[in-house]
1. Once you keep just the Cα pairs under 8 angstrom separated by 6 or more residues, what percentage relative contact order results for the chain?
2. Estimate the FRET efficiency between T84 and E20 by the formula 1/(1 + (r/R0)^6), using the beta-carbon distance for r and 35 Å for R0, to the nearest 0.05.
3. Work out which GluC sites (Glu not before Pro) in the chain are exposed loop sites (DSSP not H, G, I, E or B, at most 15 other Cβ within 10 Å) and give the longest gap free of them.
4. In whole Å, how far is the Cα centre of the range 1-43 from that of the range 72-117?
5. Rounded to the nearest whole Å², what accessible area per residue is found for the range 32-85 with the 1.4 Å probe?
6. With equal scatterers on the alpha carbons only and no solvent term, can you work out the Debye log10 of I(q)/I(0) for the range 1-88 at 0.24 1/Å?
7. So which trypsin sites (Lys or Arg not before Pro) in the range 61-119 are both in a DSSP loop and have at most 12 other Cβ atoms within 10 Å of their Cβ?
8. Take the Cα gyration tensor of the range 65-117, multiply each eigenvalue by 5, square-root it, and list the three semi-axes largest first, rounded to whole angstrom.
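The values are calculated or read from the model by the stated rules, or taken from the named source; none is laboratory data. All of these numbers come straight from a predicted model, not from anything done at the bench. Glycine also receives a Cβ, built like all others from the backbone with ideal geometry; neighbour counts cover every protein chain displayed. Remember, those area values only see protein heavy atoms, side chains included, never the ligands or the DNA or RNA. Shrake-Rupley method; radii C 1.70, N 1.55, O 1.52, S 1.80 Å.
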Amino acid sequence: MEFPERLRTLRREARLSQRELAERVSVDFTYLSKIENARVEPPSETVLKSIARELARELELDETELADELITLAGKIPSDLAETLARNPGAVRFLRSLGQDVRSAEEWQSLIHEQETEQ
C-alpha cells in the first residue's frame, strides 16, 4: 500500500475527518487533503510522528511502530536510524549485505520478534 492510501485508510479507521486530524497535528486541512491525494510530497518526519501519535491514540496502536511505518512508506529514513548509520559505516555495509535477502513482511516481523525475545 502506498503512503497516501495508508494515511487515508488509517484516518478513516480512526473516524477522523481531514479537518479533525489536521487540527490535531497543527497543519491546514487542505494540506492534509493534498497529502492523501498525492498532490504534494509526504510531510516532514515531525509531522508524520504527530500524525502517528494521534492515529495510534484513536486506534489503540503502538505509536512508535505506526510512526516507523508511515515514515518508511513516505520514503524517508527515521532520523535516529540515519544518525546511527552516519556514525557506523559497518552498519551501512551490513544493511547493504541484506539487499539480496528477499523476505516477506511477515518473515521480517518474525525475525524482529525473535530478536526482541532474545534480548
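1. About 19 percent, as a whole number.
2. The pair T84/E20 has a calculated efficiency of 0.50.
3. 61-119
4. Here the two parts' Cα centres lie 27 Å apart.
5. Spelled out: the 1.4 Å probe surface of the range 32-85, per residue, equals 57 Å².
6. The computed values of log10 I(q)/I(0) come out as -1.24.
7. R103
8. 19, 16, 12
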